[in-house]
2 protein chains.
Amino acid sequence: MARNEERRAALADAGLRVLAREGARGLTHRAVDAEAGAPRGTASNYFTSREALVDGLVARIGERLTPDPAVHARLASRAPSRELFADYLRDIVQRLLADRDVTLALLELRLEAARRPSVAESLGGWMRAGFAGDVAFNEGAGLPGGRTEIALFHYAVDGLILDRLTVSIDPAISIDDVIDELVDRLLPR
Amino acid sequence: MARNEERRAALADAGLRVLAREGARGLTHRAVDAEAGAPRGTASNYFTSREALVDGLVARIGERLTPDPAVHARLASRAPSRELFADYLRDIVQRLLADRDVTLALLELRLEAARRPSVAESLGGWMRAGFAGDVAFNEGAGLPGGRTEIALFHYAVDGLILDRLTVSIDPAISIDDVIDELVDRLLPR
């Protein structure tokens, strides 16, 4: 990464920590500078408005949630099956739960989107592109399930993640079991 | 309602509007007083700490999401079936989507619970009691599905609500269709 890109990524990471820790209302250029240990004005140089800052955070969330190429190469080498679909899903859920700051920041931005049209626009574009990408990936890989199923999995996984990162109705329910039950029931036979 | 209870409910409603509009960080006794149009110090009289205020908001969320007795009497008069389960579920989703402030406030409190153990305790007790109540209600009413299914529906409905109140992967997908698909696939045959 070029030095400028590294700095931009470090500032965005600081912004995601601020969001996760303080919520959307705490997200200011000044708070990002402080969190990054950067001189005041640095975040404003990279992200010239709050809208640009949010756009930068959304882009960084996408980078940080990108699958591990080694994990995906192993998955891609297998023949398509319900079990393979379950393993892809397991990888998604693990990434979301492992990177707690990123996932909480994403949830904070979703709630902020309910209040600010500019955030809804930025996040909405990214989320809808992601959904279309998931549907296309699933089809291209010959995996079971189409647009309807992928939407149902999106809802269920978002709810599961919210349950595990915030307040759980029952933390003793195993995540692997939930994934197996969802795949067993939601995918067409 | 006694006058004191009315005042307490009006203050809690003001608190829920503050949460929905400004997020958890904006929730202070002072903001609640201002939103309720009450003299400064009023919210502190009714809720003597931030913990007590959060407890009061959680209790008020429970009251505002209570089913309409007339709607539930009609549902309770029918013989148990998958269709009846679907109609109960439809009623839950409608209540959550209709009372936007309450549902957004609840989501804000869930995220706040990820940061503050006292909020996690208050909200967690209420949510786990609600989950246990849902499982017991379903069994008592002779409806299909047990603890596992009710958990899967909780996750899916939370994700659907998040999708519709914040940023949607596809707002054209009909909520009724999602409920029908979930009931069709998640309930045991």
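Derivation of every value follows stated rules applied to the coordinates shown; laboratory data play no part. Because the structure is predicted, anything quoted here is derived from the model rather than measured. Here Cβ is always computed from backbone atoms with ideal geometry, including for glycine, and neighbour counts include all displayed protein chains.
What you get for segment B:5-62, charging only the Cβ of Lys and Arg (+1) and of Asp and Glu (-1), is a dipole of about 160 debye around the Cα centre. Against the main long axis of the alpha-carbon atoms of chain B, helix B:82-98 sits at an angle near 20°. Taking a Cβ cut-off of under 9 Å around A:S122, the surrounding Lys, Arg, Asp and Glu residues balance to a net charge of -3, with basic ones at +1 and acidic ones at -1.
Computed over Cα pairs, the Kirkwood radius of segment A:5-62 leads via Stokes-Einstein (0.692 mPa s, 37 °C) to a diffusion coefficient of 305 µm² per second.
Comparing A:H154, A:H72, A:H29 in a Gaussian network model of chain A where C-alpha atoms under 10 Å apart are linked, the largest mean-square fluctuation is found at A:H72. Within the shell defined by Cβ-Cβ distances under 12 Å, the residues around B:P80 carry a net charge of -1, with Lys and Arg each +1 and Asp and Glu each -1. Shown here: chain B, whose C-alpha atoms stretch 57, 39, 28 Å along the first, second and third principal axes, sorted largest to smallest.
Placing +1 on the Cβ of every Lys and Arg and -1 on the Cβ of every Asp and Glu, with nothing else charged, gives chain A a dipole about its Cα centre of roughly 600 debye.
Taking the charge dipole of chain A about its Cα centre, with +1 at Lys and Arg Cβ atoms and -1 at Asp and Glu Cβ atoms, the residue from A:A113, A:I92, A:A2 reaching farthest to the positive side is A:A2. Between the helical axis of B:3-22 and the longest alpha-carbon principal axis of chain B there is an angle of about 80 degrees. Relative contact order, whole percent, for chain A stands at 21, derived from Cα pairs under 8 Å and 6 or more residues apart.
Report the FRET efficiency, 1/(1 + (r/R0)^6), for B:T148 and A:E6, where r is their Cβ-Cβ distance and R0 is 41 Å, rounded to 0.05.
0.30
Sorting A:53-59, B:73-79 by their mean Cβ neighbour count within 10 Å, with the most densely packed peptide first, gives A:53-59, B:73-79. Charge tally around A:R164: other residues with Cβ under 12 Å, Lys/Arg +1 each, Asp/Glu -1 each, net -2.
Here the Debye sum runs over all C-alpha atoms of the protein assembly as shown as equal scatterers in vacuum, and log10 of I(q)/I(0) at q = 0.10 Å⁻¹ comes out as -0.69.
Within 10 Å of the Cβ of each residue in B:109-117, the mean number of Cβ atoms contributed by other protein chains is 5. Based on the Stokes-Einstein relation at 10 °C and a viscosity of 1.306 mPa s, and on the Kirkwood radius from alpha carbon pairs, segment B:47-95 is assigned a translational diffusion coefficient of 125 µm²/s. Largest GNM mean-square fluctuation among B:A70, B:A20, B:A141, using chain B with Cα springs under 10 Å: B:A70. Among A:E108, A:E35, A:E139, B:E5, a tally of other beta-carbon atoms within 10 Å of each Cβ gives an order, fewest to most, of B:E5, A:E139, A:E35, A:E108. Calculate how steeply helix A:117-140 sits against the longest principal axis of the alpha-carbon atoms of chain A, using the helix alpha-carbon long axis, and give the answer as 0 to 90 degrees to the nearest 10. In chain A, helix A:117-140 runs at an angle near 30 degrees to the longest axis.
Taken residue by residue and averaged, Cβ atoms of other chains lying within 10 Å of the Cβ of A:146-158 number 6.
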